[in-house]
1. What residues qualify as long-range amide H neighbours of ALA154, i.e. H under 5 Å apart, gap of 5 or more or another chain, H built at 1.01 Å from N?
2. Arranged from highest to lowest average of other beta-carbon atoms within 10 Å per residue, in what order do the peptides 79-91, 190-202 appear?
3. Using modelled amide H (1.01 Å from N, peptide plane; none on Pro or chain starts), what sits under 5 Å from the amide H of LEU81, excluding residues fewer than 5 places away?
4. Quote the FRET efficiency, to the nearest 0.05, computed for ALA177 versus LYS126 with a Förster distance R0 of 35 Å and r equal to the Cβ-Cβ distance.
5. Ranked highest first by the average count of other Cβ atoms within 10 Å around their residues, in what order do 169-176, 63-70 fall?
6. Can you compute 3J(HN,Hα) from phi for each residue in region 164-179, using the Karplus curve 6.51 cos²θ - 1.76 cosθ + 1.60 with θ = phi - 60°, rounded to whole Hz and x for Gly and Pro?
7. Carbon-plus-sulfur fraction of the accessible area of region 83-174, 1.4 Å probe, in percent?
8. Could you go through region 147-161 in sequence order and give the Karplus-derived ³J(HN,Hα) for each residue, using 6.51 cos²θ - 1.76 cosθ + 1.60 with θ = phi - 60°, rounded to whole Hz, and x for Gly and Pro?
Amino acid sequence: MKKTNLVIAVSAILMLMVSIPAFAQEESGEDQLSNGFKKFNVREDFTENGFQWFHDAELLAAGDKEKSNAMTIGWGGIGTLWGRTALTVYVAEKRYTKEFMDKAEYFTVMAFDVKDSKILNYMGTKSGRDGDKAQALGLHTAYTANGTPYYTEATMVIECKIMYAAPFDPQYFKSDAPKNMYANFPAGIHSMYIGEVVNAWKK
């Protein structure tokens, strides 16, 4: 009888382990990128204030080895969704980067030193339709093992695999904040891209 109960208990534990979502970031790609980047676990070692990090502005990049583009972003979210470590970014309809995001499987979000604020300013005011912004800034484009672009001059690179993407639907705006935002916003409605954090590196 005791042996039977033990077998049942072990079986139940194994079933529970299989059904529990993987909360740790997915381990994929190389442990170290070029130019001194080393892999880290965002769950354990991300020390930035999540409420402030995007407000300070980061770079979002998507594309492949044939063509890619990046833009400055000041909106975003960090947390968990569907049992995954998640990072959410938003791209307006008329932004050139949206074309790359809609085709992408992965994207990167990059942080830079404060002294490199000119990079964020340029990337946020110029369009990739008018020329290669990275080249104009002297940035060096590299790629993760998944083929996702990033710049070697960044201080942190977070790579995400897109789990969900959709534009905002105005019929569901419940407050004046989004209504006022889009009343006279020339770039159009934003789309949200929820990515699972699959890799993260910092210098």
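The values are calculated or read from the model by the stated rules, or taken from the named source; none is laboratory data. Just so we're clear, the structure is a prediction, and the values are computed from it rather than from any experiment. No Cβ is skipped: glycine too gets one built from the backbone with ideal geometry, and neighbour counts run over all protein chains shown. Please note that ligands, DNA and RNA were not included when accessible areas were found on the heavy atoms of the full protein model with its side chains. Shrake-Rupley method; radii C 1.70, N 1.55, O 1.52, S 1.80 Å.
1. Those qualifying (amide H under 5 Å, at least 5 residues apart or on another chain) number zero.
2. 190-202, 79-91
3. Placed amide hydrogens put ALA86 under 5 Å from LEU81.
4. Efficiency at R0 = 35 Å is approximately 0.80.
5. Answer by packing, highest mean first, reads 63-70, 169-176.
6. 7, 8, 6, x, 5, 9, x, 5, 9, 5, 9, 9, 6, 4, x, 4
7. Carbon with sulfur: 46 percent of the solvent-accessible area.
8. The phi angles translate into x, 8, x, 8, 10, 5, 7, 5, 9, 8, 10, 10, 9, 10, 9 Hz.
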